[in-house]
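The values are calculated or read from the model by the stated rules, or taken from the named source; none is laboratory data. No experiment lies behind these values; they were computed from the predicted model shown. Here the Cβ positions follow ideal geometry from the backbone for every residue, glycine too, while neighbour counts run over all protein chains shown.
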Protein chains: 4
Amino acid sequence: MSRKSRRSLKEKFSLKNSLVKEALSEFLGTFILIALGCGCVGQAVLSRGEHGGPMTVSVGFAMAVTIAVYVSGGVSGGHINPAVSLAMCVTGRLKWTKLPIYILAQFLGAFVGAAAVFGIYYNAFMEYSDGKLEVTGPNATAQIFATYPAPYLSLVNGFADQVMSTAVLLLAIFAIFDTKNNSVPKGLEPIAVGLLIIVLTCSLGMNSGCAMNPARDLGPRLFTAIAGWGMEVFTAGNNWWWVPIVAPLVGGVLGAMTYVIFIEIHHSDPQPGEENDVHAKYEMTNMA
Amino acid sequence: MSRKSRRSLKEKFSLKNSLVKEALSEFLGTFILIALGCGCVGQAVLSRGEHGGPMTVSVGFAMAVTIAVYVSGGVSGGHINPAVSLAMCVTGRLKWTKLPIYILAQFLGAFVGAAAVFGIYYNAFMEYSDGKLEVTGPNATAQIFATYPAPYLSLVNGFADQVMSTAVLLLAIFAIFDTKNNSVPKGLEPIAVGLLIIVLTCSLGMNSGCAMNPARDLGPRLFTAIAGWGMEVFTAGNNWWWVPIVAPLVGGVLGAMTYVIFIEIHHSDPQPGEENDVHAKYEMTNMA
Amino acid sequence: MSRKSRRSLKEKFSLKNSLVKEALSEFLGTFILIALGCGCVGQAVLSRGEHGGPMTVSVGFAMAVTIAVYVSGGVSGGHINPAVSLAMCVTGRLKWTKLPIYILAQFLGAFVGAAAVFGIYYNAFMEYSDGKLEVTGPNATAQIFATYPAPYLSLVNGFADQVMSTAVLLLAIFAIFDTKNNSVPKGLEPIAVGLLIIVLTCSLGMNSGCAMNPARDLGPRLFTAIAGWGMEVFTAGNNWWWVPIVAPLVGGVLGAMTYVIFIEIHHSDPQPGEENDVHAKYEMTNMA
Amino acid sequence: MSRKSRRSLKEKFSLKNSLVKEALSEFLGTFILIALGCGCVGQAVLSRGEHGGPMTVSVGFAMAVTIAVYVSGGVSGGHINPAVSLAMCVTGRLKWTKLPIYILAQFLGAFVGAAAVFGIYYNAFMEYSDGKLEVTGPNATAQIFATYPAPYLSLVNGFADQVMSTAVLLLAIFAIFDTKNNSVPKGLEPIAVGLLIIVLTCSLGMNSGCAMNPARDLGPRLFTAIAGWGMEVFTAGNNWWWVPIVAPLVGGVLGAMTYVIFIEIHHSDPQPGEENDVHAKYEMTNMA
């Protein structure tokens, strides 16, 4: 494609409308998140542990987030998660009018991402359970796409789990991007967010798989309902499906507000480089 | 939250007192360290290895440190560890008058973080051992919160272990933040500290779990004593509990002094970029 | 070697021809990719899992890519993959006239890299299967060098798998290097590409080992055909060998075009730092 | 320690002699490399796999290198390896007169580091094999300190293995620090070197443990000879001990020269930022 043809392409198809651009970006980002992230779960489950386990799922899913944020970060902020978008609205970082479009794009991206995982591993799914797509039992594969609670988990405990993990997610994201704190250098935030996902899935992943993202959970769940797993994906786990939708939205706002109240609100005004420098903190030698 | 409401919030609640700000920051940082870090141990233990093992605990705990330092680094230096705060005082990087407040905030954060782990995994704890909370034996869960010595470990060897690991921790932290050495770029120090924790837990974690942090150990231990594990958490391991408190304080100062004596004190005075540049070192071609 | 002798060396042998320089660079980069990358597979297979497994192969191969891009990135762009070079041509980032030379250098590098793995592990190969070099069965070692499909995989599914994984590879590479998006800081792109390889191998590695690179697959396959595994390396898996050559070329172009259409083409023109800053995105507070 | 007392300390003890400073730095760096690196092997072996395995050893040892380079990089270049120092001399990056002191400091650091591992795990060593310190057999522990060849390995293959792995090590180090290539940003080189060690140990670690460093191998081997393992540490593996000393020195020079000949010598002269920018490479759109 020559420079000239690129330019004319740009003239014809370039979107002037910022919101449509951002919707495309969130769609693509969430697609990648699910295609790669749920792909990691799929590889571990479908190979019965031979090609993956807790570590590949945790690190793989985390790096899926990193890549998804690199793809969509510069255009739409790389939310790829309605709980993040909502928290951004509540704290005045995203216009409320954009919220429905962001969320819709995220759900669509997650749905199509789930379809991609099913397509790429179609032969493996058929082989795994002789063509039966099951939600529970030893040959269950529905947990590749959406999250389900551990047998021991009560709804109350599960709800608290999702509130807390999403709260920590947002609290840490706010820290990572807070230039008055010890923020990550520009262009490396997606990697720091990936490291955050590693610890969240290693520490809070056992109860219910740590969805922390309504689009990540409902999009693929809808796909499985349609693709052959049936309505059991909604009834399983004592009708678990609504928890990873409602709890992350609550938790995200809670975590963002916690960061604002504990840290952000107390930042001294604009004299930059004065109090908020961890390097400086370690080098203060003029005392005692 | 509109810009205006944010401003009025800031006017009402913003703390003018730097020490209170810093205490909040250390509290929140240590809370995250324990909630996520001990969460990783919990996930590995409570799932009996199915959702975690040595690698998820090592990497997960390390990334918990990274996130905790991102959250608290810009405000209070991100010590989240009395051994670090003490070493900072001894080397003139923190005012001695601030030390008690820092340590208190760290202990409280660790205590509340332990409570969060217990709460989030409450159902799992009950399932794991039929409601009994045990300190020793095959169904022990106390080691999720505080550290206990391996059966073979003598108190002398255990004390030396904690002195040395904390010494290396502080020595390396001083190197990471020493701008006259090959220091990590601003905003990436928390990641370097995380990598340091990975190697420390992989190499010195077997004797007693590598606490290296009095608040990380005593805070959760106190919580378990109250929450149902009982006073055995203090008597177990030949009254082990005081070792991960005293030894890290000694080791931290020792490590910091070692760095100062071996490296820092010999830095040539202010001509920056002259001798202390690893890049330059590799490119010196004007010789022989 | 003194400065003077270096200078005279430079005068005598320094290449003025940019294309020859770039060919040397791609050769060396792809050599390292295969020597280290296939070395990781070799270590896991030849030790029958004792010195490696899914995680060491995934992380090890990814870091082999990182190192190979560091070695060749500054001179030739560090493609080390014909699918990357083709996508660069199609999107006007590489001259079409250079393409054949790049691809040739990549194939040669991969071939020699495979020979290095065989040489270094010669004793281990002989020990592993009593001197027999097998393509299939429990003592197969051909999969150390080239990729083979899982038994369940159809050609159609396998082709789609390679198209999609290479598409995501290129799409993400374009994002990582797009300075109008949230691009990785200069000098750290090779690490971000490594993280991308980790998630791709953890999520899309189960069907056929995720070659995504015609040179990486055909070069070592040719080597094995000659070195003693015989022509079965081409017939195995229903004549699988052409899939990891054709599909990645298609997928790479597809992924690059997807990025251009979804993201790049909509970037607003040159006012830098205005809309395309993920940091700014998170800090926009002037609204609502 | 007040600012004033620090200053007087500095006046009294600060070393004016650059070489003594550098020797201290190399000693401390190599001490940390061995104390933490061999500590990782120790934890995996002494816990019989319960607290470590191939992944913790590979990642842990790599991060030990990273930390050791952070500690010593700014003062002495962070060689911590005679093969690196020799290659630096051969390519005119280190004065030949400094070489003996560097190497001596590295050996001493490695010896003391091995003593630290033995001390910290003294109880564990005694428990592991009932107080017997064995070089071979199921209860062997000598391989925690120095490297030994796999049973299948011939001396010729082993020598080639150490030449090649050290050659790749140096080649990649030269790329990482070459500012005319796509070099790692200042302050992050130690992390890139760590990633390099990960892939080297995952891909070339099976034959003989991938020493690549005469000080790393001989220092601890001497320690074990004295500490109770006896002279068998030298005779084992067909008198293997000299291979990880001689081969890395040869390989290091070979790798450095390869980089110079394939890449460095062809860099165009000083117009910086023109040809040697991987970012620019990916964005060249003015063609075709």
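Descriptive notes on the structure:
- Exactly one residue out of B:22, B:26, B:50 is more than 10 Å from chain A (Cβ to nearest Cβ) and either without any contact (Cβ under 8 Å) to a residue 24 or more places away in the chain or surrounded by 22 or more Cβ atoms within 10 Å (Cβ to Cβ) (or both), and it is B:26.
- Consider region B:123-162 and keep the residues that are more than 30 Å from residue D:127 (Cβ to Cβ) and surrounded by fewer than 17 Cβ atoms within 10 Å (Cβ to Cβ). The one that is nearest to the other protein chains (Cβ to nearest Cβ) is B:127.
- Of the residues B:64, B:44, the single one that is more than 7 Å from chain A (Cβ to nearest Cβ) and without any contact (Cβ under 8 Å) to a residue 40 or more places away in the chain is B:44.
- Check on residue D:78, crowded, with 24+ Cβ neighbours inside 10 Å, in a loop (DSSP other than H, G, I, E, B) and touching a residue at least 40 places away in the same chain (Cβ under 8 Å): yes
- If the condition is being among the hydrophobic types (A, V, I, L, M, F, W, C) and over 17 Å from residue D:168 (Cβ atoms), then region D:66-87 contributes D:67, D:68, D:69, D:71, D:75, D:80.
- The single condition among (1) at pLDDT below 95; (2) of a type in the set (D, E, K, R); (3) within 13 Å of the chain's Cα centre (by Cα) that residue D:3 does not meet is (3).
- Test: residue in region A:207-222 that is hydroxyl-bearing (Ser, Thr, Tyr), within 14 Å of the chain's Cα centre (by Cα), crowded, with 24+ Cβ neighbours inside 10 Å and at pLDDT 95 or above: no
- In region D:29-47, the qualifying residues are those that are among the small types (Gly, Ala, Ser) and over 26 Å from residue B:258 (Cβ atoms), and the one that is surrounded by the fewest Cβ atoms within 10 Å (Cβ to Cβ) is D:47.
- Residues of region B:119-147 classified as in contact with a strand residue (DSSP E or B) (Cβ under 6 Å, 6 or more places away or on another chain) and of a type outside the set (A, V, I, L, M, F, W, C), total: 1
- Unique residue being within 30 Å of residue B:46 (Cα to Cα) and at pLDDT 95 or above when the list is B:90, B:71: B:71
- Filter result for residue D:247 (in contact (Cβ under 8 Å) with a residue 12 or more places away in the chain, in contact with a helix residue (DSSP H, G or I) (Cβ under 9 Å, 6 or more places away or on another chain) and surrounded by fewer than 21 Cβ atoms within 10 Å (Cβ to Cβ)): no
- Conditions (1) more than 7 Å from every other protein chain (Cβ to nearest Cβ); (2) under 17 Å from the mean Cα position of the chain (by Cα); number of the one not met by residue D:39: (1)
- Residue in region A:192-209 that is farthest from the other protein chains (Cβ to nearest Cβ), counting only those that are out of contact with any Leu (no Cβ under 7 Å at 6 or more places or on another chain) and in a loop (DSSP other than H, G, I, E, B): A:209
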